[in-house]
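*Asks:* Quick one: the structure is below, and I'll ask about it shortly.
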Ligand code: HEM
């Protein structure tokens, strides 16, 4: 049983997310929804209403002093910028995420999905994570950024190494590997940026580079120069410099890859563990979008993000001083009894707004893309392998304080003939 005496742990440490976490969060939601954690050095926010309140008031709770849980202070781009810079950057990259662009990527994603499923179809068993959940979003985001086909393996390793450092800062080997991966990826991107300047394509880097050539994007130095000259250049100030462009690609790699992978593994886990709901989906694929939303709510692939108070304020009656951090636990908000009836139930008829993609001005840029990926992947898996079930003991979890990380999930199914 939990009490005030034993509730505190470091909520930003990967190892804290053990079997007892759901119970711990339930206790917090009920007894201390805005809880100062000495071990984390942050207020732990476990209720839906407080996550919404903080996310929607970016002037009071900013992102600019870091959003990642734990002690990493590195700036990783748009996600930890405040207004107005955040909005400027977002409006540039948005060009790559419009509904029209998502539809274009959908056709490519259908091919990626078909290839991955073809590779396992006759086997009758596979590791769902390694064979399906890993390659699908990875290949799509690689295509979107413009990574060469032969470099997909390296891209995968960089992504794993960089995200693996979250919550594992006490392990020098893991942090060194993350540093090496970041440097290699940076170097690789510089080459791609140079190439797309000369040979533009349909990928995100080409979109951003082209915007620069059209005069929307300019080098930081140009802006400084313009400012010195006293030129009013609101259009120029929208520019993204090379460094920001690279950071954006790092952000996309980490944000678009691990999250969707774990959303997909989590969705399959829920389908296997809820056979009645799964049968309804097999019979009526129009329900798949509802299943995607429920899976996102219940798995909450991103565990938590941080905000920093910009002035003395309060939340739920608890005073918060300027400079103090709050940690928003999305998975807890998404199971808040005050917001959702029977919150732990996988309910295809629920039509409630969850917070798996956040809310407010930093709402996930890739939400529509991720939804499309989950929808297409589940539709094809259910169509081709409707009886997929565990071949082992169910999912094996990895350690991360940032994403709900499923490392392996062995499944079996009736193989396709011929
Ligand atoms: C199931 C999959 C995904 C989940 C659960 C997820 C979750 C989130 C969450 C919770 C945030 C809010 C951050 C905040 O408020 O500080 C966010 C932001 C973001 N996500 Fe996602 N995400 C997913 C997929 C993607 C994909 C596929 C991409 C891109 C390819 C992406 C790119 C981003 C970016 C760039 C931001 C920062 C937006 C901003 O600061 O304005 N995400 N995501």
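*Asks:* Need the full-extension length gain, residue 391 to residue 273, defined as separation in residues times 0.36 nm minus the C-alpha distance. One decimal, nm. The partial results should precede the final answer.
*Replies:* Numbers: separation 118, 0.36 × 118 = 42.48 nm, distance 1.29 nm.
Result: 41.2 nm gained on full extension.
*Asks:* Which number do you get for Rg(Cα) / (2.2 N^0.38 Å) in segment 5-69? Before the final figure, lay out each step's value.
*Replies:* On the way: Rg = 12.4 Å, N = 65, 2.2 N^0.38 = 10.7 Å.
Ratio of Rg to 2.2 N^0.38 Å for segment 5-69: 1.15.
*Asks:* So for segment 38-183, what percent of the C-alpha to C-alpha distances run longer than 26 Å? Write out the running numbers ahead of the final one.
*Replies:* Working: 5032 of 10585 pairs.
Summing the P(r) of segment 38-183 above 26 Å gives 48 percent of all pairs.
*Asks:* Mind grabbing the base-10 log of I(q)/I(0) for segment 350-418 at q = 0.15 Å⁻¹? Debye formula, identical points on the C-alpha positions, no solvent, two decimal places.
*Replies:* Here log10 of I(q) over I(0) equals -0.78.
*Asks:* Over segment 118-211, what number does the Rg to Rh ratio reach, with both radii from the alpha-carbon atoms and Rh per Kirkwood? Walk me through the numbers before you get to the answer.
*Replies:* Values: Rg = 16.0 Å, Rh = 15.1 Å.
Rg/Rh for segment 118-211 comes to 1.06.
*Asks:* Contour minus end-to-end for residue 114 and residue 148, with contour as 0.36 nm per residue of separation and end-to-end as the Cα-Cα distance?
*Replies:* On the way: separation 34, 0.36 × 34 = 12.24 nm, distance 1.99 nm.
Computed gain between residue 114 and residue 148 is 10.3 nm.
*Asks:* While we're looking at this one, here's another question. Along each of the three principal axes of the Cα atoms of segment 265-404, give the extent in whole Å, ordering the values from largest to smallest.
*Replies:* 55, 31, 28
*Asks:* While we're on this one: Would you mind getting me the FRET efficiency between residue 350 and residue 170? Use the beta-carbon distance for r and R0 = 41 Å, nearest 0.05. Each step should come with its number before you reach the end.
*Replies:* Details: r = 40 Å, r/R0 = 0.96.
Plugging the Cβ-Cβ distance into 1/(1 + (r/R0)^6) gives 0.55.
*Asks:* Here is a follow-up. Give the average over all directions of the projected area of the C-alpha convex hull of the chain, one decimal, in nm².
*Replies:* Details: hull surface 87.1 nm².
Mean shadow area of the hull around the Cα atoms is 21.8 nm².
*Asks:* In nm, to one decimal, how far is the modelled label at residue 31 from the one at residue 283, with both set 7 Å along Cα→Cβ?
*Replies:* Once both label points are built, they end up 4.4 nm from each other.
*Asks:* With springs only between Cα atoms under 10 Å apart, run a GNM on the chain and tell me which of 321, 290, 356 wobbles the most.
*Replies:* 321
*Asks:* Please report 282, 129 as a ranked list, fewest other C-beta atoms within 10 angstrom at the top and most at the bottom. Walk me through the intermediate numbers first.
*Replies:* Working: 282 13, 129 23.
Ranking 282, 129 by Cβ neighbours within 10 Å, fewest first, gives 282, 129.
*Asks:* What's the extension gain from residue 104 to residue 338 if we count 0.36 nm per residue and subtract their Cα-Cα distance? All intermediate terms of the calculation are to be shown ahead of the outcome.
*Replies:* Working: separation 234, 0.36 × 234 = 84.24 nm, distance 3.93 nm.
Between residue 104 and residue 338, full extension yields an extra 80.3 nm.
*Asks:* Another question about this same structure. Taking R0 as 30 Å, what FRET efficiency do you get between residue 195 and residue 367 from their Cβ-Cβ distance, rounded to the nearest 0.05? Walk me through the intermediate numbers first.
*Replies:* Working: r = 30 Å, r/R0 = 0.99.
Computed FRET efficiency for residue 195 and residue 367: 0.50.
*Asks:* Sticking with this one: How do 387, 8 rank when sorted from fewest to most other Cβ atoms within 10 Å of their own Cβ? Walk me through the numbers before you get to the answer.
*Replies:* On the way: 387 11, 8 16.
The order, fewest Cβ neighbours first, is 387, 8.
*Asks:* Would you please state the base-10 log of I(q)/I(0) at q = 0.20, 0.23 1/Å for segment 93-152, with intensities from the Debye formula using one equal scatterer on every alpha carbon?
*Replies:* So the normalised log intensities are -0.81, -0.97.
*Asks:* Okay, helix-only estimate at 222 nm for the chain: each DSSP H run of n ≥ 4 adds -39500 (n - 2.57), divide by all residues, round to 500 deg cm²/dmol; what do you get?
*Replies:* Working: 14 runs with 197 residues, N = 418.
Computed ellipticity for the chain at 222 nm equals -15000 deg cm²/dmol.
Bear in mind that the values in this text are calculations on the coordinates, not laboratory data. Everything numeric in this text was worked out from a predicted model, so none of it was measured. Reconstructed Cβ throughout: ideal geometry from the backbone, glycine too, with neighbour counts over all protein chains shown.
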